[in-house]
1. Here's a check for you: in the stretch 170-189, which residue that is touching a strand residue (DSSP E or B) at 6+ places or on another chain (Cβ under 7 Å) and of a type in the set (D, E, K, R) is surrounded by the most Cβ atoms within 10 Å (Cβ to Cβ)?
2. Can you run down the residue pairs with Cβ atoms below 7 Å, 6 or more apart or on separate chains, where the first is in the stretch 204-215 and more than 19 Å from Ala127 (Cα to Cα) and assigned by TED's automatic domain parsing to the domain that holds Glu235 and the partner is hydroxyl-bearing (Ser, Thr, Tyr) and within 14 Å of the ligand (Cβ to nearest atom)?
3. Yes or no: the stretch 183-192 includes at least one residue that is within 22 Å of the chain's Cα centre (by Cα) and near the ligand (Cβ under 9 Å from one of its atoms).
4. For residues that are assigned to a strand (DSSP E or B) and within 15 Å of the ligand (Cβ to nearest atom), scanning just the stretch 145-169, find the one that is surrounded by the most Cβ atoms within 10 Å (Cβ to Cβ).
5. Test each condition in (1) crowded, with 18+ Cβ neighbours inside 10 Å; (2) more than 15 Å from the ligand (Cβ to nearest atom); (3) part of a loop (DSSP other than H, G, I, E, B) for Ala236 and report the one that comes out false.
6. Mind checking whether some residue in the stretch 197-219 is more than 10 Å from the ligand (Cβ to nearest atom), part of a strand (DSSP E or B) and closer than 25 Å to Asn45 by Cβ?
7. Taking the conditions exactly as written (surrounded by fewer than 12 Cβ atoms within 10 Å (Cβ to Cβ), in a helix (DSSP H, G or I) and modelled with pLDDT of 95 or more), does Glu321 satisfy them or not?
8. Just to be sure I understand the filter: pairs with C-beta atoms under 7 Å, separated by 6 or more residues or on different chains, first member in the stretch 289-309 and under 16 Å from Lys134 (Cβ atoms) and within 16 Å of the ligand (Cβ to nearest atom), second member among the acidic types (Asp, Glu) and open to solvent by less than 40 Å² (accessible area, probe 1.4 Å). Which pairs pass?
Amino acid sequence: MEAYKPEILFLKQEDVIKAGLLDMKQILEITEKTFKMIGEGKVLNPTKVFMGMPDNENWQSYCMSMPAYIGGEFDVAGFKWAAESMFNATQEGMPYGVDVVILTNPKTVYPKAILDGTITTAMRTSAAAGVMAKYNARKNSKVAALIGAGVIGRTMIMSMMEAVPSLEEIRIVDLDLSKAEGLAKEFEGKFNVVPMNDTKAAVTGADLVVTETTSRKDFVKKEWLVKNATVIQMEAHSFEPDVLLTADKVFLDNWAQMSHLDNITVAQLYKAGKLNKEDIVEMPDMVCGKAPSRESDDEFVFCGTAGVGAVDITIANQMYENAKKMGIGQKLMLWDNPLWV
Ligand SMILES: NC(=O)c1ccc[n+]([C@@H]2O[C@H](COP(=O)([O-])OP(=O)(O)OC[C@H]3O[C@@H](n4cnc5c(N)ncnc54)[C@H](O)[C@@H]3O)[C@@H](O)[C@H]2O)c1
């Protein structure tokens with residue numbers, strides 16, 4: 001019994017960062033490996049459950065439960081409680097997204113770690129886009145336009161710098177120019193990041209366009225985009241539906257999830273009978289080679305993600321392993337002696 005202590009390692013945000021979470025190269029590798037394992041059938045990733053508050057349609061905040069089990073070399077179960085708040089977005093110093101991850105030993109079902117998942121979300125979200133871009137950006141892509149200079153905008157710059165080495169310029173756009181300028185300054189000396197507040201101007205001539213805004217409406221028009229661009233949508237609404245519907249190839253991280261989440265473009269097109277599973281390729285199939293990614297420089301490629309919990313769990317598990325080796329974190333016990341057994 002002593003071997004099965006219900007000991008939990010608690011890692012606050014600063015601990016997870018010390019454990020290596022900001023290393024985008026490592027996060028891209030884990031993300032790609034996780035999608036490959038999903039494609040190989042080694043992962044259980046039930047559709048996440050979304051709870052908008054005060055109601056799903058007009059949510060002001062939401063919580064979402066995201067369980068996953070990853071077999072193979074990981075052999076870990078876990079759960080991310082992901083949340084976003086419109087209130088936070090109006091406050092100085094409060095993140096819009098706030099997440100917690102619990103890792104569980106699949107044999108004993110004892111929780112083994114509780115971690116801040118907020119930065120994990122930001123890293124893995126942009127890493128998923130990075131993997132999409134690695135497989136689908138046109139060869140020799142030089143210019144990327146990233147729309148939205150918030151938390152995900154920052155990690156998106158990190159991800160695109162790493163995933164698309166041919167890039168020479170990243171345009172970062174926000175309605176609030178000072179946010180774009182702030183990010184451009186952060187990357188000064190590391191990459192050529194150009195701040196802008198005009199989406200049309202930014203996407204004009206861009207080889208790669210990624211949107212990570214909090215917009216509730218579509219605002220990127222098809223005619224603004226380069227004919228053989230790669231575009232990646234990370235949020236509910238950004239590109240007009242025509243951008244997806246007329247693409248030569250469409251890649252989504254998870255069809256079951258994206259076709260059923262309320263209020264997102266993919267689900268709306270599915271419900272309207274305009275988009276079906278046969279029209280798209282799931283990202284895990286692309287990463288593990290069951291379906292081709294971009295096949296020619298002439299194609300227009302659309303990619304979309306809503307986030308896959310399995311990636312949060314593999315990244316959190318790696319941070320947990322790193323933290324144990326480094327002796328970081330606070331140990332908690334679920335009980336001293338279980339009362340009713
Ligand atoms: N796909 C995924 O896995 C995943 C995961 C996490 C977050 N997200 C989504 O990413 C988006 C960004 O999240 P965040 O945490 O970075 O939010 P944030 O509030 O930190 O940043 C969002 C930024 O978008 C800007 N913006 C809003 N509308 C815009 C427009 N029309 N044009 C240009 N800029 C605009 C805002 O000014 C803000 O700076 C959210 O919609 C969130 O739901 C997706």
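The values are calculated or read from the model by the stated rules, or taken from the named source; none is laboratory data. Note that this is a predicted model, so its numbers are computed, not measured. Ideal geometry is used to build each Cβ from the backbone, glycine not excepted, and the neighbour counts take in all protein chains shown. Accessible surface areas use protein heavy atoms only, side chains included; no ligands, DNA or RNA. Shrake-Rupley method; radii C 1.70, N 1.55, O 1.52, S 1.80 Å.
1. Arg171
2. So the pair list comes out as Ser215/Ser238.
3. No, the conditions are met nowhere in the stretch 183-192.
4. Leu146
5. Answer for Ala236: the failing condition is (2).
6. yes
7. So Glu321 fails the test.
8. Here the result reads Thr305/Asp253, each pair linking the stretch 289-309 to a residue that is among the acidic types (Asp, Glu) and open to solvent by less than 40 Å² (accessible area, probe 1.4 Å).
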